[in-house]
1. Would you call A17 over 20 Å from L214 (Cα atoms) and either small (G, A, S) or at pLDDT below 90 (or both)?
2. Could you list, ordered by first residue, the pairs with Cβ atoms under 8 Å in which the first is in segment 119-131 and over 13 Å from H149 (Cα atoms) and the second is of a type in the set (G, A, S) and assigned to a helix (DSSP H, G or I), at least 6 apart or interchain?
3. Looking at V25, V57, V106, which one is outside the structural domain of I243 (by TED's automatic domain parsing) and surrounded by 13 or more Cβ atoms within 10 Å (Cβ to Cβ)?
4. Among the residues of segment 204-219, is there at least one that is modelled with pLDDT under 70 and farther than 26 Å from Y182 by Cα?
Amino acid sequence: MDKASIHYQLSKLLERAKKVSFEQVLKEEQKPIFEEIDLYILDDALKDEVLALEAKVKALSPEAKESYKGKAFFEYAKIINPTYPAFKYSFYVARKPVEIFDKEKVKERIAGEKARWRNMQMASLEKEITHHIPPLSLEEADFLRQKLHKRLEEEEQKLEEVIAHWDEYDAVITTHAYCKTYPALYYTLDTSSDYEGEVFEEKMKHYKKRDTHLRSGVPNLLWYKDERPFSSLRANDKINRIIQTYTPYCGTIYIKKKEKLSL
């Protein structure tokens, strides 16, 4: 079973899964961050079939199985919760700023930070020049480049003066204002299969909140199963279940085929 075959088998499985439409569930400012993300909702049967495919892949690459959990299947999909189902989920934008307070470590990183900042500013300017409407003339583009170069030179010179009198200053590195944002998922696991009783309050103790980043380039797979009685849900939870399990039409109409009753 080669890689193409694995990708094909997984894609055929996911044809039966519900694909989340981020257009329907995200705020406008969040949508660009989730543009390259695919999230599929798996029921019990699909989850089992995906895990069976993963097991086959692991069997073909025992060395990957030895390293870290899920690596053998890493290039094909991210299985978010293979052990317990989730019964609730929502999305958020995660930020991961770098924060360095040790002055000596800050000093060691200044040269690299200067180079990174220069490259980032120059790339940003070139993008602005390329997409400027109306198009800039060569003279106008060169003027902007020279203006940026002068500003960067002045900023770097001030840094050199600070380094020359290092003991007179406090210094911190943080990317808080410029750090990357990541598409992420909040979800609640139902681990109550570990509980054999019937007391609802005790069962609720097995609800575990989790969060994870969503990967681009491969499908993200969430095993979803909500067995709580619909009548017992709060209004907000009822709407969440409808949005997460029904198919939207025309923006506001949500449809789901009724399950056939077994005789």
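The values are calculated or read from the model by the stated rules, or taken from the named source; none is laboratory data. Everything quoted here is computed from the prediction, not taken from an experiment. As a convention, Cβ positions derive from the backbone with ideal geometry for all residues, glycine included, and neighbour counts pool all protein chains shown.
1. Answer is no for this residue.
2. Partner pairs satisfying both residue conditions: I129/A141.
3. Only one candidate qualifies: V106.
4. Yes - at least one qualifying residue is present in segment 204-219.
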